[in-house]
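The values are calculated or read from the model by the stated rules, or taken from the named source; none is laboratory data. None of these values were measured; they are calculated from a predicted model. Virtual Cβ from ideal backbone geometry, glycine too; neighbours counted across all protein chains shown.
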Amino acid sequence: MDNFEFYNPTKIVFGKGVENQVGAETAKYAKKVLIHFGGGSAIKSGLLDRVRASLKSAGVEFVELGGVQPNPRVTLVREGIELCRKENISFILAVGGGSVIDSAKAIGFGVPVSHDVWDFYEYTKTPEKMLDIGVVLTIPAAGSESSPSSVVSNEEKQLKRGLTNEIMRPRFAFMNPELTFTLPAYQTACGAADIMAHIMERYFTNTKNVEFTDRLCESGLKTIINNVPHVLENPDDYNSRAEIMWTGCVAHNDLFNTGREGDWGSHSIEHEISAIYDVAHGAGLAVVFPAWMKQVYKHDVARFAQFAERVWGLEMDHFNPERTALAGIHRLEAFFSSIGLPVRLSEMEVPADRIPEMAKKCTGSGTTGNFVKLDTAAVTEILNRAK
Ligand code: NZQ
Ligand code: ZN
């Protein structure tokens with residue numbers, strides 16, 4: 001096990017009706033805030049009205065900026081930065097999913113600086129301070145509600161870039177599983193794939209002697225595998241929604257990463273796909289992850305066979321562990337298909353003609369991923385497997 005530091009300061013308030021307490025919690029930080037939200041689901045469900053009422057009853061004033069799109073755009077982030085400066089805002093309440101939260105984070109560290117916020121995502125500047133962020137989560141998926149990351153798209157450059165910095169973790173996240181009853185089946189499935197990917201990025205590691213976190217990862221994966229079919233069958237299944245929501249948060253708050261090195265190659269490949277084709281991140285991962293696995297499993301057959309045995313309940317073939325390893329990969333792919341996700345680029349209507357460009361953008365002049373370092377040729381091969 002590697003040495004590590006783990007500090008997750010995000011306060012989680014979880015359960016039925018908790019969003020009605022968000023005003024009182026927000027009042028501890030600011031008397032005037034920006035409410036940031038997406039394309040309309042929070043209006044339609046009445047959530048936004050409840051959040052406004054909660055803020056008002058706690059004496060917190062607010063201005064609003066909606067319209068965050070999935071794969072959030074830097075243009076709206078820039079608008080948010082101007083608005084916060086004009087209105088003298090020091091706190092942003094993100095009401096939505098990963099896209100809204102990531103956009104809020106970007107606004108938060110764009111406000112204090114005089115240069116363009118995109119410089120942070122090109123890594124030519126490092127954020128040193130930011131406005132405080134709070135969250136009311138509406139979709140379990142990205143884990144941004146307590147992660148130190150923000151992923152933003154630059155539509156002009158057709159780039160999607162992630163930025164990680166500990167100052168970005170939200171102050172609090174209100175998580176009511178009932179708010180996820182309105183999720184379309186496809187978004188539920190995309191969220192599940194993203195949660196599983198966050199766990200698998202950590203699971204496939206070269207770090208030895210990490211039994212505890214291996215087993216945490218395995219139970220996280222099994223919880224998603226067990227509960228997603230229930231909510232697809234019955235969207236109002238509170239208990240299964242709750243299991244998924246809590247797993248989604250812990251899957252990406254870095255607990256599962258303690259003492260070990262994660263991979264993150266599949267994420268960086270997927271970001272190149274959603275940057276150009278604007279597909280849902282979880283769907284892109286359902287396509288990329290099995291292809292990545294087929295490419296790299298020989299690097300550590302025993303680990304892939306362990307994944308097959310412990311996560312999918314497959315019998316270990318001690319004479320031929322490679323067979324077990326491959327069977328586990330096929331079970332993952334079949335699971336994604338069974339919950340309505342694409343497992344090939346063609347199923348997302350992503351053509352193969354820009355594969356070389358995506359591979360080049362992904363690796364630059366170096367490599368991506370840690371479990372196996374992938375150069376441009378290897379990423380090209382993975383994307384070709386995923387066609
Ligand atoms: O915009 P609205 O109308 O709210 O609709 C959204 C959106 O269309 C809808 N939705 C959300 N909650 C709903 C709902 N519809 C009905 N009922 C509800 N309760 O779902 C759609 C997707 O929302 P989005 O926020 O885009 O989903 P997600 O949470 O999956 O976020 C995806 C973004 O997060 C980034 C991804 O790359 C992508 O840009 N990620 C962020 C990470 C982080 N910050 O740590 C890590 C991840 O790996 C990921 O890269
Ligand atoms: Zn992700």
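Does the stretch 319-339 contain any residue that is at pLDDT 95 or above, more than 30 Å from E233 (Cα to Cα) and part of a loop (DSSP other than H, G, I, E, B)? Within the stretch 319-339, one or more residues are at pLDDT 95 or above, more than 30 Å from E233 (Cα to Cα) and part of a loop (DSSP other than H, G, I, E, B). The listed residues are P170, P140, and the only one of them that is in a loop (DSSP other than H, G, I, E, B), buried (at least 21 other Cβ atoms within 10 Å of the Cβ) and away from ligand 2 (no atom under 16 Å from the Cβ) turns out to be P170. When A104, A192 are screened for being assigned to a helix (DSSP H, G or I), away from ligand 2 (no atom under 16 Å from the Cβ), closer than 30 Å to D236 by Cβ and under 18 Å from the mean Cα position of the chain (by Cα), only A104 passes. In the stretch 94-132, of all residues being touching a Pro at 6+ places or on another chain (Cβ under 6 Å) and over 27 Å from A42 (Cα atoms), the one that is surrounded by the most Cβ atoms within 10 Å (Cβ to Cβ) corresponds to F120.
Pick from I273, I244, I225: which is within 24 Å of R50 (Cα to Cα) and not assigned by TED's automatic domain parsing to the domain that holds S144? Lay out the reasoning, then the answer.
Numbers: I273 fails: within 24 Å of R50 (Cα to Cα); I225 fails: within 24 Å of R50 (Cα to Cα).
I244 is the lone residue from the list that is within 24 Å of R50 (Cα to Cα) and not assigned by TED's automatic domain parsing to the domain that holds S144.
Among the candidates N209, N257, N253, single out the residue that is more than 21 Å from S144 (Cβ to Cβ) and out of contact with any Leu (no Cβ under 9 Å at 6 or more places or on another chain).
Values: N257 fails: more than 21 Å from S144 (Cβ to Cβ); N253 fails: more than 21 Å from S144 (Cβ to Cβ).
Within the list N209, N257, N253, the selection yields N209.
Residues in the stretch 90-106 that are near ligand 1 (Cβ under 6 Å from one of its atoms) and touching a His at 6+ places or on another chain (Cβ under 8 Å): G96, G98, V100.
Just wondering, is there one or more residues in the stretch 366-379 that are part of a helix (DSSP H, G or I) and under 22 Å from G191 (Cα atoms)? No - not one qualifying residue is present in the stretch 366-379. A residue that is in contact with a Leu (Cβ under 8 Å, 6 or more places away or on another chain) and not basic (K, R) can be found somewhere in the stretch 160-174.
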